[in-house]
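The values are calculated or read from the model by the stated rules, or taken from the named source; none is laboratory data. Predicted model only: the values in this text are computed from it and were never measured. Here the Cβ positions follow ideal geometry from the backbone for every residue, glycine too, while neighbour counts run over all protein chains shown. Surface accessibility is based on the protein's heavy atoms, side chains included, excluding ligands, DNA and RNA. Shrake-Rupley method; radii C 1.70, N 1.55, O 1.52, S 1.80 Å.
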Amino acid sequence: MSNKSPITRANLLAQMVSDPSVTTDVLADQERQFENSRLAGPPPVDRLGESESPAYVLTNQKRGIGLGTKRRTTEPDNDRGTIFLVTGRRILCIVGSDPNDEEIDIPYESVASVTAHTGWLANRLEIRTPTKAYHCWADRNSNEVVHAAAEFVEQRIAEEPTELSRQDGASRVTYRGQPADSQAGDTGGLN
(Lines give C-alpha, C1' and ligand atoms only; values in the text may rest on other atoms or scores of the structure.)
Protein backbone atom coordinates (compact mmCIF):
# COMPACT_ATOMS: atom_id res chain seq x y z
CA MET A 1 0.00 0.00 0.00
CA SER A 2 0.95 3.57 -0.46
CA ASN A 3 1.91 5.94 2.34
CA LYS A 4 -0.57 8.50 0.95
CA SER A 5 -3.87 9.09 2.72
CA PRO A 6 -6.93 7.42 1.14
CA ILE A 7 -8.41 10.77 0.07
CA THR A 8 -5.11 11.85 -1.55
CA ARG A 9 -4.71 8.58 -3.47
CA ALA A 10 -8.42 8.55 -4.43
CA ASN A 11 -8.14 12.09 -5.75
CA LEU A 12 -5.03 11.21 -7.77
CA LEU A 13 -6.71 8.13 -9.31
CA ALA A 14 -9.92 10.02 -10.09
CA GLN A 15 -7.92 12.70 -11.92
CA MET A 16 -5.99 10.10 -13.94
CA VAL A 17 -9.07 8.18 -15.14
CA SER A 18 -11.14 9.66 -17.95
CA ASP A 19 -14.49 8.04 -17.04
CA PRO A 20 -16.70 10.20 -14.80
CA SER A 21 -17.87 7.12 -12.82
CA VAL A 22 -14.49 7.10 -11.06
CA THR A 23 -14.78 9.82 -8.43
CA THR A 24 -12.76 10.78 -5.37
CA ASP A 25 -15.85 10.49 -3.14
CA VAL A 26 -16.60 6.88 -4.16
CA LEU A 27 -12.96 5.72 -4.06
CA ALA A 28 -12.41 7.29 -0.62
CA ASP A 29 -15.88 6.10 0.57
CA GLN A 30 -16.91 9.62 1.51
CA GLU A 31 -20.17 10.06 -0.41
CA ARG A 32 -22.56 12.59 1.11
CA GLN A 33 -25.68 10.42 0.79
CA PHE A 34 -24.28 7.89 3.28
CA GLU A 35 -24.39 9.02 6.90
CA ASN A 36 -21.32 7.01 7.91
CA SER A 37 -20.00 5.46 4.69
CA ARG A 38 -21.09 3.03 1.98
CA LEU A 39 -18.76 0.33 3.33
CA ALA A 40 -18.02 -0.89 6.86
CA GLY A 41 -14.35 -1.65 6.19
CA PRO A 42 -11.56 0.26 4.47
CA PRO A 43 -12.37 2.49 1.49
CA PRO A 44 -12.18 1.01 -2.03
CA VAL A 45 -8.91 2.80 -2.78
CA ASP A 46 -7.21 0.89 0.06
CA ARG A 47 -8.32 -2.41 -1.50
CA LEU A 48 -6.51 -1.74 -4.76
CA GLY A 49 -2.98 -2.90 -5.48
CA GLU A 50 -0.17 -0.32 -5.53
CA SER A 51 -0.21 0.07 -9.33
CA GLU A 52 -3.91 -0.78 -9.80
CA SER A 53 -6.46 1.78 -10.92
CA PRO A 54 -10.19 1.49 -11.69
CA ALA A 55 -11.28 2.20 -15.25
CA TYR A 56 -14.98 2.16 -14.29
CA VAL A 57 -16.95 2.16 -11.05
CA LEU A 58 -20.49 0.85 -10.69
CA THR A 59 -22.50 1.38 -7.52
CA ASN A 60 -25.87 0.50 -6.05
CA GLN A 61 -27.49 1.14 -2.75
CA LYS A 62 -29.93 -1.78 -2.38
CA ARG A 63 -29.35 -4.65 -4.80
CA GLY A 64 -25.84 -5.90 -4.01
CA ILE A 65 -24.52 -8.78 -6.15
CA GLY A 66 -26.39 -11.79 -7.50
CA LEU A 67 -24.54 -15.05 -6.92
CA GLY A 68 -25.42 -17.79 -9.39
CA THR A 69 -28.75 -16.24 -10.36
CA LYS A 70 -29.78 -12.61 -10.47
CA ARG A 71 -32.43 -13.22 -7.80
CA ARG A 72 -30.06 -14.83 -5.29
CA THR A 73 -28.37 -11.69 -4.05
CA THR A 74 -26.03 -10.73 -1.29
CA GLU A 75 -27.45 -7.35 -0.31
CA PRO A 76 -25.81 -4.53 1.62
CA ASP A 77 -27.02 -3.57 5.07
CA ASN A 78 -29.77 -0.91 5.13
CA ASP A 79 -27.39 2.01 5.70
CA ARG A 80 -24.66 0.68 3.36
CA GLY A 81 -24.20 0.11 -0.38
CA THR A 82 -22.26 -1.81 -3.02
CA ILE A 83 -19.28 -0.82 -5.16
CA PHE A 84 -17.87 -2.63 -8.21
CA LEU A 85 -14.40 -1.58 -9.33
CA VAL A 86 -13.52 -2.58 -12.89
CA THR A 87 -9.72 -2.37 -13.03
CA GLY A 88 -7.16 -3.47 -15.58
CA ARG A 89 -6.72 -6.78 -13.70
CA ARG A 90 -10.07 -7.72 -12.18
CA ILE A 91 -13.56 -6.86 -11.09
CA LEU A 92 -13.63 -6.17 -7.37
CA CYS A 93 -17.11 -6.41 -5.82
CA ILE A 94 -17.60 -4.95 -2.34
CA VAL A 95 -20.95 -5.27 -0.55
CA GLY A 96 -21.19 -3.06 2.54
CA SER A 97 -22.20 -4.99 5.63
CA ASP A 98 -21.33 -4.82 9.32
CA PRO A 99 -18.99 -5.85 10.81
CA ASN A 100 -17.13 -7.03 7.67
CA ASP A 101 -17.91 -6.19 4.06
CA GLU A 102 -18.45 -9.05 1.60
CA GLU A 103 -15.65 -8.89 -0.98
CA ILE A 104 -15.58 -10.90 -4.21
CA ASP A 105 -12.59 -10.71 -6.53
CA ILE A 106 -13.08 -11.87 -10.15
CA PRO A 107 -9.76 -11.86 -12.07
CA TYR A 108 -10.01 -11.59 -15.86
CA GLU A 109 -8.22 -14.90 -16.40
CA SER A 110 -11.33 -16.56 -14.89
CA VAL A 111 -13.95 -14.66 -16.95
CA ALA A 112 -15.62 -16.65 -19.74
CA SER A 113 -18.13 -13.98 -20.80
CA VAL A 114 -19.53 -10.61 -19.83
CA THR A 115 -22.90 -9.10 -20.74
CA ALA A 116 -24.37 -5.66 -20.06
CA HIS A 117 -28.08 -5.59 -19.19
CA THR A 118 -30.01 -2.34 -18.93
CA GLY A 119 -33.55 -1.93 -17.69
CA TRP A 120 -36.10 0.55 -16.44
CA LEU A 121 -35.37 0.11 -12.72
CA ALA A 122 -31.81 -1.23 -12.65
CA ASN A 123 -28.82 -2.24 -14.74
CA ARG A 124 -26.39 -5.06 -14.26
CA LEU A 125 -23.12 -6.46 -15.48
CA GLU A 126 -23.34 -10.25 -15.82
CA ILE A 127 -19.97 -11.94 -15.38
CA ARG A 128 -19.64 -15.67 -16.13
CA THR A 129 -16.73 -17.95 -15.35
CA PRO A 130 -16.69 -21.56 -16.63
CA THR A 131 -19.05 -22.69 -13.83
CA LYS A 132 -20.12 -19.58 -11.91
CA ALA A 133 -22.20 -16.48 -12.56
CA TYR A 134 -22.12 -13.05 -10.92
CA HIS A 135 -24.73 -10.32 -11.43
CA CYS A 136 -23.29 -6.92 -10.54
CA TRP A 137 -26.32 -4.66 -10.01
CA ALA A 138 -25.82 -0.99 -10.83
CA ASP A 139 -27.90 2.14 -10.33
CA ARG A 140 -30.40 2.80 -13.09
CA ASN A 141 -28.64 5.96 -14.30
CA SER A 142 -25.56 3.94 -15.28
CA ASN A 143 -26.54 2.65 -18.77
CA GLU A 144 -23.47 4.03 -20.54
CA VAL A 145 -21.06 2.96 -17.79
CA VAL A 146 -22.43 -0.62 -17.72
CA HIS A 147 -21.94 -0.97 -21.50
CA ALA A 148 -18.48 0.64 -21.41
CA ALA A 149 -17.41 -1.59 -18.51
CA ALA A 150 -18.66 -4.72 -20.33
CA GLU A 151 -16.68 -3.75 -23.43
CA PHE A 152 -13.58 -3.08 -21.30
CA VAL A 153 -13.85 -6.51 -19.62
CA GLU A 154 -14.59 -8.26 -22.94
CA GLN A 155 -11.25 -7.02 -24.31
CA ARG A 156 -9.42 -8.67 -21.38
CA ILE A 157 -11.06 -12.10 -21.34
CA ALA A 158 -8.72 -15.09 -21.62
CA GLU A 159 -9.23 -17.58 -24.46
CA GLU A 160 -9.35 -20.46 -21.99
CA PRO A 161 -10.55 -19.11 -18.63
CA THR A 162 -9.55 -20.86 -15.42
CA GLU A 163 -12.16 -21.58 -12.78
CA LEU A 164 -12.24 -19.75 -9.48
CA SER A 165 -11.50 -22.19 -6.67
CA ARG A 166 -13.46 -20.54 -3.84
CA GLN A 167 -16.97 -21.46 -2.68
CA ASP A 168 -18.91 -18.19 -2.84
CA GLY A 169 -22.36 -19.43 -3.84
CA ALA A 170 -22.09 -18.32 -7.47
CA SER A 171 -22.56 -21.77 -9.02
CA ARG A 172 -24.32 -21.77 -12.41
CA VAL A 173 -25.64 -25.28 -11.81
CA THR A 174 -29.21 -24.99 -10.56
CA TYR A 175 -31.81 -27.33 -9.14
CA ARG A 176 -35.40 -26.06 -9.14
CA GLY A 177 -34.17 -22.56 -9.81
CA GLN A 178 -31.70 -22.52 -6.91
CA PRO A 179 -27.91 -22.66 -7.32
CA ALA A 180 -26.55 -26.11 -6.51
CA ASP A 181 -23.05 -27.18 -5.57
CA SER A 182 -21.41 -30.44 -6.57
CA GLN A 183 -21.56 -31.56 -2.92
CA ALA A 184 -24.93 -33.04 -1.91
CA GLY A 185 -27.10 -30.67 0.08
CA ASP A 186 -24.72 -27.71 -0.18
CA THR A 187 -26.10 -24.69 -2.00
CA GLY A 188 -22.81 -22.83 -1.61
CA GLY A 189 -24.45 -19.81 0.03
CA LEU A 190 -22.66 -16.97 1.73
CA ASN A 191 -23.36 -16.57 5.41
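Of the set (1) open to solvent by 10 Å² or more (accessible area, probe 1.4 Å); (2) in contact (Cβ under 8 Å) with a residue 24 or more places away in the chain; (3) within 23 Å of THR23 (Cα to Cα); (4) of a type outside the set (Phe, Trp, Tyr), all apply to GLY96 but (1).
What about ARG90, is it more than 25 Å from ALA148 (Cβ to Cβ), at pLDDT 90 or above and not hydrophobic (A, V, I, L, M, F, W, C)? It is false that ARG90 is more than 25 Å from ALA148 (Cβ to Cβ), at pLDDT 90 or above and not hydrophobic (A, V, I, L, M, F, W, C). Taken together, ASP77, ASP101 contain a single residue that is farther than 19 Å from ALA133 by Cβ and touching a Leu at 6+ places or on another chain (Cβ under 7 Å), which is ASP101. In this structure, is GLY41 surrounded by fewer than 24 Cβ atoms within 10 Å (Cβ to Cβ), at pLDDT 90 or above and part of a loop (DSSP other than H, G, I, E, B)? So GLY41 passes the test. Of everything in the range 113-139 that is open to solvent by less than 50 Å² (accessible area, probe 1.4 Å) and among the aliphatic types (A, V, I, L, M), the residue that is farthest from VAL22 (Cα to Cα) is ALA133.
What number of residues within the range 1-18 satisfy the criterion of being outside any helix (DSSP H, G or I) and in contact with a helix residue (DSSP H, G or I) (Cβ under 7 Å, 6 or more places away or on another chain)?
Going residue by residue through the range 1-18, those that are outside any helix (DSSP H, G or I) are 1-5, 17-18.
From the residues that got through so far, the ones that are in contact with a helix residue (DSSP H, G or I) (Cβ under 7 Å, 6 or more places away or on another chain) too are 1-2.
Final tally of qualifying residues: 2.
At least 3 residues that are in contact with a strand residue (DSSP E or B) (Cβ under 8 Å, 6 or more places away or on another chain) and under 25 Å from GLY41 (Cα atoms) in each: list the strands (runs of 3 or more DSSP E) lying fully within the range 52-171 that qualify.
Filter on the range 52-171 gives 54-60, 65-67, 82-87, 90-95, 102-107, 123-128, 133-138.
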